[in-house]
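Only one structure is covered here, and it is reproduced in the block below.
The values are calculated or read from the model by the stated rules, or taken from the named source; none is laboratory data. Computed from a predicted structure; not experimentally measured. Using ideal geometry, Cβ is built from the backbone for each residue, glycine included, and neighbour counts are taken over all protein chains shown. Calculation scope for accessible area: heavy atoms of the full protein, side chains included, ligands and nucleic acids excluded. Shrake-Rupley method; radii C 1.70, N 1.55, O 1.52, S 1.80 Å.
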Amino acid sequence: MLSGIQPTGRFHWGNYFGAIRQYIELQDAGEAFYFIADLHALTTVREPERLRGFVRDAAIDLVALGLDPERATLFVQSDVPEVAELTWLLMTVTPMGLLERCHAYKDKKARGLTADAGLFTYPVLMAADILAYDADVVPVGEDQVQHIEVCRDLAGTFNHLYGDTIFRLPKPRLVDGAAKVPGTDGQKMSKSYENTLDVFEGLPAQKKKIMRITTDSRSMEEPKDPQQDHLYQLFSLVGSEKEVAEMAELYRRGGFGYGDVKKAVVAAANEAFATARERRCELESNPSKIDEILAVGAERARAVAGNVLERAREACGLRGSSTRGRNQ
Ligand code: TYM
């Protein structure tokens, strides 16, 4: 298992319910590698101090949410330079057209913004991230599926050219009902839409955002299909199974007010993240612990990525480790 998450600010419910919760679930299902994608974040975060802070917060948040560094390898992407070299090898088999079709780049261009080569080649770095650890399963939200397809494409081409057993072809893993978590406005929850509910934000601020969630204008008496309502979808993430079933019934019956649903979301969210909040406070007061976790993680990750890189280097005709470093 492998997945990455960008340190571009605090994690929101989409990150947690779409991806992080899977990381935690899967850490007992096999060998798991999870990393903080700081190289990817460089395409948007240009202030060094902020980036350092975001990386640190991301590590604390992941551990507070239940990622166990004893069971899963947690590390920072840039601590494994092998991945950058692997990116280059993959870049040599990447058709321009494939990257032109990728949505992050296409969206930016469509908005009339200029893209840099970092954003354009972003999916190739992501492919290297995945292939470097021989990943079979990549737990993600729906928005990353296209990138995993690109990864499979590139790995397939490389294998076709240089030998079938160089790269393992990975598959995405999505969670039913949380692959595209809606934001407060009903669109996909995303920092760029400013519609997020953050996992660790202060309760008064979160309450304010929840109470302002947009709702439809149908009368309170009308029965409604819960699955069509983003407020219900948000509640279904944080409420208990019983509460969610009762809420669905209420929607189908009609005659309820959205204000009450919002209050229920506030209360359930508060409870859902209470333990993680406490753990976060403890971790924050012990900074050397996080440094240690990331150092151990980097070492384990480098060992695996080094082997895969070596396999790829030799296969495509670059000098292998047995010849490299000799005097002549
Ligand atoms: P990022 O940092 O944008 O998002 C991290 C994870 O959160 C998921 N996600 C969502 N899931 C459901 N609903 C939403 N509204 C929502 N918003 C975000 C994302 O799908 C993702 O799983 N390119 C990646 C980082 C990356 C990576 C990798 C991932 C770099 N290398 C290798 C997997 C494997 C990204 O920007 O994710």
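Here are the numbers:
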item: Candidates 182, 170 - the one that is closer than 30 Å to residue 95 by Cβ, crowded, with 16+ Cβ neighbours inside 10 Å and not aliphatic (A, V, I, L, M); result: 170
item: Any hit, the stretch 136-143, residues being open to solvent by 30 Å² or more (accessible area, probe 1.4 Å) and β-branched (Val, Ile, Thr); result: yes
item: Any hit, the stretch 157-169, residues being among the small types (Gly, Ala, Ser) and within 13 Å of the ligand (Cβ to nearest atom); result: no
item: Test: residue in the stretch 165-180 that is assigned to a helix (DSSP H, G or I) and modelled with pLDDT of 95 or more; result: no
item: Qualifying positions in the stretch 277-292 - among the hydrophobic types (A, V, I, L, M, F, W, C) and touching a helix residue (DSSP H, G or I) at 6+ places or on another chain (Cβ under 7 Å); result: 283, 290
item: Helices (runs of 4 or more DSSP H) (entirely within the stretch 31-114) containing at least 2 residues that are modelled with pLDDT under 95; result: 103-110
item: Wholly within the stretch 228-318, helices (runs of 4 or more DSSP H) carrying at least 1 residues that are under 30 Å from residue 157 (Cα atoms); result: 287-316
item: Qualifying residue in the stretch 146-153 (condition: assigned by TED's automatic domain parsing to the domain that holds residue 12 and touching a residue at least 60 places away in the same chain (Cβ under 8 Å)); result: no
item: Looking only at the stretch 5-34, and only at residues there that are of a type in the set (Gly, Ala, Ser) and surrounded by 22 or more Cβ atoms within 10 Å (Cβ to Cβ), the one that is farthest from the ligand (Cβ to nearest atom); result: 32
item: Which listed residue, of 133, 122, is in contact with a strand residue (DSSP E or B) (Cβ under 6 Å, 6 or more places away or on another chain), in the same structural domain as residue 62 (by TED's automatic domain parsing) and buried (at least 18 other Cβ atoms within 10 Å of the Cβ); result: 133
item: The stretch 182-215, residues that are of a type in the set (Phe, Trp, Tyr) and in contact (Cβ under 8 Å) with a residue 60 or more places away in the chain; result: 200
item: Filter result for the condition that a residue is within 13 Å of the ligand (Cβ to nearest atom) and in contact (Cβ under 8 Å) with a residue 12 or more places away in the chain, over 63, 45, 93; result: 45
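The rows are residues; the columns are (1) more than 26 Å from the chain's Cα centre (by Cα); (2) in the same structural domain as residue 41 (by TED's automatic domain parsing); (3) within 16 Å of the ligand (Cβ to nearest atom); (4) more than 25 Å from residue 67 (Cβ to Cβ).
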site: 185; (1), (2), (3), (4): no, no, yes, yes
site: 191; (1), (2), (3), (4): no, no, yes, no
site: 218; (1), (2), (3), (4): yes, no, no, yes
site: 236; (1), (2), (3), (4): no, no, yes, no
site: 242; (1), (2), (3), (4): yes, no, no, yes
site: 261; (1), (2), (3), (4): yes, no, no, yes
